[in-house]
Amino acid sequence: MSNAPGPQFDPQANRGAKYREVTAAAIIFGLLIGIVINAAIAYAGLKIGFTIVGSPIAAVLGFGVLRGILRKGSILEVNITQTVGSSIDTVNSGIIFTVPVLLLLGYTLSWSDPNFWVLTASCVAGVVLGVAFIIPLRKQMIEIDRLRFPSGTAVAAILKSPGAGPKKAIVLLSGIAIAMLIRFPVALPALRFNADIGELDRLVDAGKISERDRATTLAIQDWIDAGGAPPEVVALGRTLDALSEARADAAKDPSNEAAAERVEALEAEAAGAPPEALALTPSALMGAFEASSGERSWSSLRSRRAGWATKPLWGYSDLGLRLPERRLADGTLNPEVDHDGDGVPDLVLDNEHFDLGRLLGIPSYIFFVLAITPLSLGAGYLSGKPGLMVLAGGVLAYFVLNPVAYRLGFIPPSVEPHQAPDVGRIAFNRPLGIGLLLGGAMMGVLSALPAMRAALKSIARGSKTVGGASELGLKTITIAILGAILVVFLAADYVHKEAFNRFDPVNGAPVARQVETAEHMGYAVGFATEETAAEWASWDDAQRDAYMASQNAKPGWLSGMNPHVKAAIIALVGVAWIWFAGIIIAQCTGMTDWSPISGMALLTVVLVLLLGGTGDVIAGVLLGATLCVAITIASDMMQDLKTGHMIGATPRKQQMLELSFTGIGPIVSMVTILIIAAANMEKFGVAIGPGTDTTAPQAQALAAVITGVQGGEMPYMLYGAGAALGVLLGFGAFAGLGVLVGLSMYLPFQYILTYGIGCLLNMAVTRVKGRGWSEEWGVPLCAGLVVGEALLDLGVNGLVLLMS
Amino acid sequence: MKLIANLLLAISVAIGALAASTAYLAPLSLPDDRLIGLTLNADAGRVDNADGSHSPIAHRGEALTPTHLAALRANVIQRRGASLDVRYVSVKEFAWARWQGRWIFALALFGLLLGGLMMRAASKKDLAEADAKAADAPPGESPEGAIAAVLATLDALGRDMTDIADPRARCQMIVQRVGELQVTHLPAFVEAKPRLISRMGLGAYAELMGNFSYGERMLNRAWSTAADGHIGEASTSLANARKPLQLTAAALKK
């Protein structure tokens, strides 16, 4: 093995020179990377529903620029770049999973809207809390518990590669190349190009475009050929164009009654259009109107924006690998191999999954599907044997619980076998899993208390202990926490003073920002005019209660309290929950690389709705977003500190930089959302969600939870039962067992399976080649797998953004 | 005993989860007065329409009525050639008395408690045995041996480096020797965690690891800075690593 130091450094030249660690170049470049990647991932996340790990990308880019181009970055200097970069680019997931919920539920956000700035300030406070709360746990998690933090380990492998010798660098690069090769057919179909008329039928048959897309494309071709469109199409296009403008006007000014009436009238007019016109996509109809009025040429309609069908680039599904044909006694295709009922066996390999279970003839109510994700495989390998417990939870949920529940009739018999895993996941796996996770985390925290106490003592003693000065002092941490708590309280207090309703309870008119309000059941009820406020005052309690019930605004546990006290309690409970959830997330990412952010967001929103009342949606989302950004940054901070430990960085420097710059992240993400919402309003008349380019799938799921809580549909007992199981599971030899088992019951199993294979591979390699070999060569290869997928996804997403 | 404890834990958690999954199921075998008025949390029953489509007998969100109950109890669903009765409906309301799996769940909790206790006892016994074995083991395999080997390597490195004038060669030597420690003795010391906790208690172990980890981090820093060719920073880091590792060795002797 060659361990020659990096060739670009001349030891003679370094004599007497200060070693490069925290430099202006590292910080500035980290800031640039962080801001750009944050905005890109935020947009991509709203569009496709998942985000990408930021640290490895920041490390590779920092590495390439500082060492490759500027030819002066040291290992620890590149680490500073990735620390600063990831402190900014990681928080987007916390925001895009939560903030768009307000837009989906009909609230508005704009530059002039104080709620936007209150939310942003609260999220900035959230990231400060996330960093400040997790700093004192570095010693416990990294030094004492020795959690693996697979992404942090992967980043360390990247940073160390030049010094580790050419062979290891080649292995790392091979890992990146293999990941890209495997992932290309998964990522490429996201890139779509205009389809030819002659291939439309084939694309419909292959399920790549809808019948509506085909009809629209054929219609557009006819219009281009004829140089005009039928009058009913142009008329509907004109109506939709006007409707889009009216919706934007109504959204800008909710008190604009004329705009609201116009929207209603135009919607009715559009609904009455001839069916042949309604069968076409809105963008094509609006394009036809624009072309007929001379605003654009007819040939310009041959574009995806106008509704022309597009075909995806090659993906795994194009291999056409299908399940073996199995027929029933009557000659019809066995429904087990034809879930979509199209008379052809289903694909065994689609663009993202490999259906191993059905290939082996396992009943489809036993979910045995592998996601094609080298990142999960690599993370599994880096976790090794401890990560295997994650697989155990998934096996329990998907191989035992769901099938047995299905066979015993706990899942309704009207559910088809292949739908059973999804039904089971929503009905009981998820709440039980989240409960297990909470119970396990509680045990984990309890059992780690002596270690935490020792770690805190050591930080408190600071420079009096060996190495103590290398941690950020408790004084700085305390100031940061108190400042952040104050901001969260002010934000909670502000939103509680805001009217909870968007429409006047008396006349149904939209409620503007500066309104009359009256207090009822702990809510500020808003009115459009002084007259309606006076009428409300004349209502009796039964009438008012009936109105509140119609708005799903039930009283919360704190409803009878003074609003400021209520806001203070909600803020303090929220902050305490952020501390606890931060530990859970850091433990999860430390042991497995998975972080159950959406589950924690869900619990936060539920907690706030229970405290403040089910109508307290803005406060719920505010604290949900604050928690989400806090816990995402907490896990990122730990990953960065793990990397730092492995390469010998000074924790204090990383902690200080992260604390100083992390506030930029939420601002970038919030501004990105605002820009996207404004652009969507112009283009589609809808801020976000269905009907736009940015469907925000995660936020849609959270919005469904909020309406579920309002409708009294939360399975609290299942959360409690899961927590009891989690506590007792952690009572044995390993306190955090409940966390691992719960995590995989709640997360999508296809990724857990691939991850589990990675864990098994590690164990097999260690057994055959020994631990040293497994670490020395397996780690750089798997670090490459993690980085390769992240880089490819970022690249393809960048192309998607450019093309759209 | 460990195997039995593991089996007990696995079976108990599976049974507990299964029993918990029935918490919001209302069996249709219950008398009408205990079911009427409950709110459905999922569509219930299925009727086949003439056009081949299906409709539920009662929709999610509806309150159960005597008519629903009669229709659901009579409902037979054809699925993949099998005739299936509707036995449960999923409801929003929870009631202890209606939860059929409550005793099984309680039993599962007891199983987990028992399994946990057995696991603790087994782990304690294993650690005591491992500790006894470690006392007889060759010095390199014990935590004391691992830390002594690290310190010996540092001593040797210090001696050997004084003989070399070329900074590049000194950097290479650090990268190679510390690199070896990173995959041998340092992880070996970390792997002794369960035995050390059993012997010292978690609080004392945490203090021990504070010193060890600082020393380890300084060695990592020496490796990184040497790989970057900065002999000054690498030498300083090597020197910084010595004291905490000596403190670790001393704490182990107590």
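Any read-out appearing in this document is the output of simple, stated calculations on the displayed coordinates, not a laboratory observation. Note that the structure is predicted; figures quoted are calculated from it, not measured. Note that each Cβ is placed from the backbone with ideal geometry, even for glycine, and that neighbours are counted across all protein chains shown.
Structural remarks
- Furthest towards positive pole of dipole, A:ALA250, A:PRO274, A:SER300, structure part region A:193-309, Cβ charges: A:SER300
- Net lengthening on full extension, B:ILE11/B:ILE36 (0.36 nm per residue, minus Cα-Cα): 5.4 nm
- Exposed GluC sites (Glu not before Pro) absent - longest run of chain A, DSSP non-H/G/I/E/B, at most 15 other C-beta within 10 Å: A:326-804
- Range in chain A, longest, excluding exposed trypsin sites (Lys or Arg not before Pro) [loop by DSSP; at most 11 other beta-carbon atoms within 10 Å]: A:72-804
- Candidate aspartates and glutamates for bridging to B:LYS125, where Cα separation is under 19 Å - those fewer than 8 sequence places away on the same chain excluded: B:ASP136, B:GLU191
- Around the Cα centre of the protein assembly as shown, unit charges on the Cβ atoms of Lys, Arg, Asp and Glu (plus for the first two, minus for the last two) sum to a dipole of about 5140 debye.
- With R₀ fixed at 41 Å, the C-beta to C-beta distance from A:LEU191 to A:LEU408 puts the FRET efficiency at about 0.35.
- Separation of region A:98-143 and region A:305-330, taken as the distance between their Cα centroids, equals 41 angstrom.
- Cross-link partners of A:LYS497 among aspartates and glutamates, defined as those whose alpha carbon lies under 12 angstrom from its own and excluding same-chain residues fewer than eight positions apart: A:GLU516, A:GLU519, A:ASP616.
- Calculated [222 nm] ellipticity per residue, helices only, for the protein assembly as shown: -20500 deg cm²/dmol; basis is -39500 (n - 2.57) per DSSP H run with n ≥ 4, divided by all residues, nearest 500.
- Overall form of region A:193-309 per C-alpha gyration tensor (a/c, 1.5; a/b vs b/c): prolate
- A full extension of the chain between A:GLU267 and A:SER300 corresponds to an added length of 9.2 nm, given 0.36 nm per residue minus the alpha carbon distance.
- Span from the region A:263-294 Cα centroid across to the region A:170-213 one, whole angstrom: 32
- For chain B, modelled as a GNM whose springs connect Cα atoms under 10 angstrom apart, the maximal fluctuation among B:GLY37, B:GLY210, B:GLY201 occurs at B:GLY37.
- A straight Cα-to-Cα reach below 20 Å connects A:LYS168 with the aspartates and glutamates A:GLU775, A:GLU776, A:GLU789, B:GLU180, B:ASP228, residues fewer than 8 places away in its own chain not being considered.
- Contact order relative to length of chain A, as percent, for alpha carbon pairs under 8 angstrom and 6 or more apart: 29
- Between helix B:2-20 and chain B: long-axis angle, C-alpha atoms, 0 to 90°, nearest 10: 40
- Annotation: for a label point projected 7 angstrom from Cα along Cα→Cβ of B:MET200, residues of region B:146-176 with backbone N closer than 14 Å are B:146-148.
- With a threshold of 18 Å on the Cα-Cα distance, the over-threshold entries among A:LYS18/A:LYS653; B:LYS124/B:LYS193; A:LYS160/A:LYS769 are A:LYS160/A:LYS769.
- C-alpha center-to-center spacing [region A:220-238, region A:601-623] in angstrom: 48
- Near-label residues of region B:102-127 by backbone N, under 13 Å of a point 7 Å along Cα→Cβ of A:SER447: B:116-124
- Extension gain (nm, one decimal) between A:ILE69 and A:ALA542, 0.36 nm per residue minus Cα-Cα: 163.0 nm
- Per-residue Karplus couplings for region B:159-169, computed as 6.51 cos²θ - 1.76 cosθ + 1.60 with θ equal to phi - 60°, are listed in order as 5, 5, 5, 5, 7, 10, 8, 6, x, 5, 5 Hz, Gly and Pro entered as x.
- Across the cross-link table entries A:LYS385/A:LYS475; B:LYS133/B:LYS253; A:LYS72/B:LYS243, which are compared at the Cα atoms, the separations over 28 Å belong to A:LYS385/A:LYS475; A:LYS72/B:LYS243.
- The modelled label-to-label distance for the pair A:GLU519/B:ALA74, using points 7 Å beyond Cα in the direction of Cβ, is 5.6 nm.
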